[in-house]
Amino acid sequence: MAQRLRIGFLGAGLIATYHSKSLRHCGAPVDRIGVFDPDAERAAAFALASGHTVMATEDDVLDSCDAVYICTWTSEHLRQVEKAAARRLAIFCEKPLAFDVATAERMSAMVASAGVVNQVGLVLRRSPAYIWAKHLIDEAAAGLVMGVVFRDDQFIPIQGHYGSTWRGDRTLAGSGTLLEHSIHDVDMLRVLVGEIARVSAHVTNFHGHDGIEDVASTTIRFAGGALGTLASIWHDNLARPSLRRVEVFCSHRHIVIEGDDWYGPVSWTDTNGDTGTLAGDELSAAVAEMRDGNENPDGEFVRSALAGTAATPDFAEAVKAHRIVDAMYASATQNGASIEVAHD
């Protein structure tokens with residue numbers, strides 16, 4: 001097994017910077033090799049901050065590394081994954097994988113055929129807040145899950161510290177808040193409650209960017225019988241960056257995730273009047289033995305790439321979230337018709 005991993009980056013924007021800092025914080029044994037971004041100034045700034053070397057082309061980066069982070073516009077993911085898989089590189093691709101599930105399935109088949117370690121940026125899978133909430137839901141004392149209310153809002157990320165102007169362009173992003181942002185939420189609804197059987201959705205567009213919905217509202221029927229709602233909103237309130245609130249109603253327990261996506265707090269109330277709240281380091285410590293590895297998704301990607309073992313969540317898992325999102329869009333085009341979600 002190799003002792004260190006040579007890392008390259010395609011894309012040098014906000015999300016690439018997030019992953020670069022995450023790699024540093026977790027102390028992963030990596031050598032920082034190349035970075036390419038069509039914006040030369042952005043690539044230079046990323047290189048100065050991270051220790052990577054600006055390279056002239058994508059191919060230069062891919063030819064010099066063992067693993068690559070694909071942190072580009074969604075429109076570029078298929079092409080770049082294809083290049084990386086052909087070189088047998090370990091691949092970390094940001095979410096969403098693609099504009100639609102058909103392309104996501106093609107990408108999943110591509111990395112499976114190449115036999116490469118692959119991971120998707122559905123990072124809430126390693127959030128202590130969501131892991132603890134899942135533990136509370138699964139305890140026998142909670143009873144059956146009956147309903148869930150999931151609200152996700154942020155100022156539209158073409159402005160403020162996000163500055164992702166490309167998210168206002170459907171040729172680069174594919175669509176809006178439901179795909180670009182709330183695919184995280186769809187993924188976590190599956191994790192927390194179980195498979196989704198049917199959806200009924202409406203979307204609308206206040207900002208006027210063609211094909212970029214900024215509000216999506218969905219009613220969900222889970223395979224286990226529970227019902228849920230998902231509200232996803234891109235507004236202009238710069239005092240509200242990415243914020244989520246999740247309420248899960250079990251027959252004998254009420255669970256709330258709010259505040260920080262990672263460190264909560266998570267609160268609960270049981271039928272006998274017992275209550276509890278965990279947050280911060282206390283929350284992180286409570287879930288330490290509940291997961292494989294640690295809470296840093298980038299450190300876990302490096303660990304898997306070095307060992308040649310499966311990473312999680314991989315492309316195949318992301319496809320499942322894409323199927324649900326596609327069903328939501330199909331419903332929205334039919335004025336909220338109830339649409340069955342396809343499964344394997």
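Given the Cα-Cα distance of residue 149 and residue 227 and 0.36 nm per residue of separation, how much length would full extension add, in nm? Don't jump to the answer; show the numbers that get you there.
On the way: separation 78, 0.36 × 78 = 28.08 nm, distance 0.89 nm.
Working it through step by step, the gained length comes to 27.2 nm.
Give me the mean projected area, in nm² to one decimal, of the convex hull enclosing the Cα positions of the chain. Please report the intermediate quantities before stating the final value.
Working: hull surface 67.7 nm².
If I average the Cα hull's projected area over directions, I get 16.9 nm².
Tally Lys/Arg at +1 and Asp/Glu at -1 over every other residue whose Cβ is under 13 Å from the Cβ of residue 204; what's the total?
Working: positive: none; negative: 213, 214.
Summing Lys and Arg as +1 and Asp and Glu as -1 gives -2.
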| said: Can you compute the FRET efficiency between residue 172 and residue 18 using 1/(1 + (r/R0)^6), with r the Cβ-Cβ distance and R0 = 25 Å? Round to the nearest 0.05. | reply: 0.85
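Taking the Cβ of residue 128 as the centre, find all other residues whose Cβ is under 13 Å away and add up their charges (Lys, Arg: +1; Asp, Glu: -1). Present the calculation step by step, with values, prior to reporting the outcome.
Details: positive: 125, 126, 134, 291; negative: 260, 261, 281, 282, 289, 295.
Net charge in that neighbourhood comes out at -2.
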| task | Quote to one decimal, in nm, the extra length available between residue 41 and residue 337 on full extension: 0.36 nm per residue of separation minus the C-alpha distance between them. | result | 101.9 nm
| message | Using alpha carbons only, how many angstrom separate the centre of region 242-306 from the centre of region 21-98? | response | 30
| message | Within the chain, count lysine pairs with alpha carbon atoms under 23 angstrom apart where the residues are 8 or more positions apart or belong to different chains. | response | 5
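Only bridges with both residues in the chain count here: give the DSSP antiparallel percent, nearest 5.
60
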| field | Cβ charges +1 (Lys, Arg) and -1 (Asp, Glu), total dipole of the chain, debye | value | 300
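Normalised by the empirical 2.2 N^0.38 Å for globular proteins, what value does the Cα Rg of region 149-271 take? It would help to have the intermediate numbers written out before the result.
On the way: Rg = 15.4 Å, N = 123, 2.2 N^0.38 = 13.7 Å.
With N residues counted in region 149-271, Rg over 2.2 N^0.38 Å equals 1.12.
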| Using 0.36 nm per residue, how much length does the chain from residue 141 to residue 239 gain when fully extended, once their Cα-Cα distance is taken away? | 31.5 nm
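Go ahead and run the numbers for FRET between residue 161 and residue 254, Cβ-Cβ distance against an R0 of 35 Å, rounding to 0.05.
Numbers: r = 34 Å, r/R0 = 0.96.
FRET efficiency, residue 161 to residue 254: 0.55.
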| query | Hey, if you drop one equal point scatterer on each alpha-carbon of region 188-250 and run the Debye formula without solvent, what base-10 log of I(q)/I(0) do you get at q = 0.25, 0.27 Å⁻¹? | reply | -1.09, -1.17
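With both bridge residues required to lie in region 1-123, what share of the DSSP beta bridges run antiparallel, to the nearest 5%?
Numbers: 0 of 18 bridges.
The antiparallel fraction comes to roughly 0 percent.
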| query | With each label point set 7 Å from Cα along the Cα-Cβ vector, what nm distance links residue 269 and residue 31? | reply | 5.8
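Kirkwood Rh over Cα pairs of region 51-147 into Stokes-Einstein at 37 °C, 0.692 mPa s: D in µm²/s?
Details: Rh = 15.6 Å.
Approximately 211 µm²/s, per Stokes-Einstein.
As a test of reading the structure, rank 234, 262 by solvent-accessible area (1.4 Å probe, protein chains only), most first.
Details: 234 5, 262 40 Å².
Descending order: 262, 234.
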| field | Dimensionless Rg over Rh [region 218-344; C-alpha; Kirkwood] | value | 1.01
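On alpha carbon coordinates alone, what is the Rg over Rh value for region 1-119, Rh being the Kirkwood radius?
Numbers: Rg = 13.5 Å, Rh = 14.2 Å.
Value, to two decimals: 0.95.
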| remark: Quarter of the surface of the C-alpha convex hull for region 114-208, i.e. direction-averaged projected area in nm², equals 9.5
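Using the beta-carbon distance between residue 290 and residue 3 and R0 = 35 Å, what value does 1/(1 + (r/R0)^6) give for FRET efficiency, to the nearest 0.05?
Values: r = 29 Å, r/R0 = 0.83.
Using R0 = 35 Å, I get an efficiency of 0.75.
What's the carbon and sulfur percent of region 214-344's accessible surface, probe 1.4 angstrom, rounded to a whole number?
50
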| said: With a 1.4 Å probe and all protein chains left in place, how much accessible area per residue does the chain have, in Å²? | reply: 41
| request: Identify the residues of region 101-121 with backbone N under 12 Å of a label point that sits 7 angstrom from the Cα of residue 330 along the Cα-to-Cβ direction, or state none. | output: 101-102
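If a/c stays under 1.5 just call it rounded; otherwise compare a/b with b/c (prolate if a/b is bigger, oblate if not). Do that for region 224-274, with a ≥ b ≥ c from the square roots of the Cα gyration tensor eigenvalues.
Values: a/c = 3.44, a/b = 1.66, b/c = 2.07.
Oblate.
The values are calculated or read from the model by the stated rules, or taken from the named source; none is laboratory data. These numbers were taken from a predicted model, which means no experiment stands behind them. Note: ideal-geometry Cβ built from the backbone for every residue, glycine included; neighbour counts use all protein chains shown. When the accessible area is computed, the model is the full protein with side chains, heavy atoms only, and any ligands, DNA or RNA have been set aside. Shrake-Rupley method; radii C 1.70, N 1.55, O 1.52, S 1.80 Å.
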